[in-house]
1. What are the membrane-span-like helices in the chain by this rule: whole DSSP H runs, Cα extent along the axis at least 24 Å, mean Kyte-Doolittle hydropathy at least -0.5?
2. With the contact rule set at Cα under 8 Å and sequence spacing of 6 or more, what percent relative contact order holds for the stretch 15-282?
3. Please report the antiparallel percentage of DSSP beta bridges with both residues in the chain, rounded to the nearest 5.
4. So how many Lys-Lys pairs in the chain land under 20 Å Cα to Cα, not counting same-chain pairs under 8 apart?
5. What does the net charge come to around Ile83 if you take all other residues with beta carbon closer than 13 Å to its beta carbon, with K and R at +1 and D and E at -1?
6. I need the P(r) histogram for the stretch 41-190: all alpha carbon pairs, bin width 5 Å from 0 out to the longest distance, whole percents.
7. Please report the base-10 log of the normalised intensity I(q)/I(0) for the chain, using a Debye sum with one equal scatterer per alpha carbon and no solvent, at each q in 0.14 (1/Å).
8. Sort Met144, Met1 from largest to smallest accessible area, using a 1.4 Å probe on the heavy atoms of the protein chains.
Amino acid sequence: MAPAALTLGARRFEWGSRTYVMGVVNVTPDSFSDGGRHAGTDAAIAHGLALAESGADLLDVGGESTRPGSLPVSADEELARVIPVIEGLRARTDVPLSVDTTKAAVAREALKAGAHLINDITGFSSDAGLSRVVAEAGAACCLMHIQGTPATMQQAPRYDDVVEDVLAFLEAAILRAESAGIPRGRILLDPGIGFGKTFEHNLFLLRRLPELRVLGLPLLVGTSRKGFLGRLAGGKPASERLAATLGSVASMAALGGADVARVHDVTEARDALAVADAIRRCEDGGTFYAR
Ligand code: 7PJ
């Protein structure tokens, strides 16, 4: 059975009907390179609008880099980056907005400014107040698996059984969310590709994504431009990983792994998913889930 449909703002997500696309809107200092805070804000809003036009079903606004080795930023800095972008997008598009944050203080203001979903890469394991903020706002959340922290996670990732360990972490994350008062129907889960995982862990998890279905909640998966794709493509830098990204996105759709793909390149991902979803759908008569 498919997970219950989710309404976020003006959009309804009917899980199993197709693979939805979350477009990434980064508001980190790299995007401020040409002229300060205001230019960075405007560039991020313009980028988000372009992704919405390209068919993004959801936009994920992030003000803290979580790349391997990156260090945390303060709540004040994150707020200054993210809130004007949420306000700007909220005024100009009805695409639902997600905020990639681990901090209750940022989530509170982001939800006030009109965001619909909090995307916590620590699965409610770092800021005890975050789940309550989401519950009180009646917002949705994406709970991601991570081993360690972004600063240290790639030093020596280790699992007894990566699928079992991710499942156990996500089960505990669901409990944290539910005990704060977030209904199950407003929770998405994410195996956290690249977050405390070796090259082999990433591939193995993607191959076995359908096993995470036992949790009964929609799955969001982010592979876009990640390091394991660069390695598979012969050592390409992030800027040259589009084709490899599309390979991963189409594969996970074909394997039945993901309900939402988190990507930088929305136009291309929508085309790749249209193909993979159509091939998959012709076998099971219109839904990816057993009826
Ligand atoms: C993910 C994310 C992901 C979720 C980032 C990057 C690193 N949130 N935020 N899942 N990745 N839910 O985009 O390379 O995979 S930041």
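The values are calculated or read from the model by the stated rules, or taken from the named source; none is laboratory data. Keep in mind that what you see is a predicted model, and the values were worked out from it rather than measured. Don't worry about glycine lacking a Cβ; one is built from the backbone with ideal geometry, like all the others, and counts go over all protein chains shown. Surface areas here come from the heavy atoms of the whole protein model, side chains and all, with no ligands, DNA or RNA. Shrake-Rupley method; radii C 1.70, N 1.55, O 1.52, S 1.80 Å.
1. 36-53, 75-92, 162-180, 266-284
2. 19
3. Bridges in the chain are about 10 percent antiparallel.
4. The number of close lysine pairs in the chain is 4.
5. Spelling it out: positives minus negatives among the neighbours equals +1.
6. Distribution as computed: 2, 10, 19, 21, 19, 16, 10, 4, 1, 0 percent.
7. Evaluating at q = 0.14 Å⁻¹ gives log10 I(q)/I(0) of -1.02.
8. In descending accessible area the options line up as Met1, Met144.
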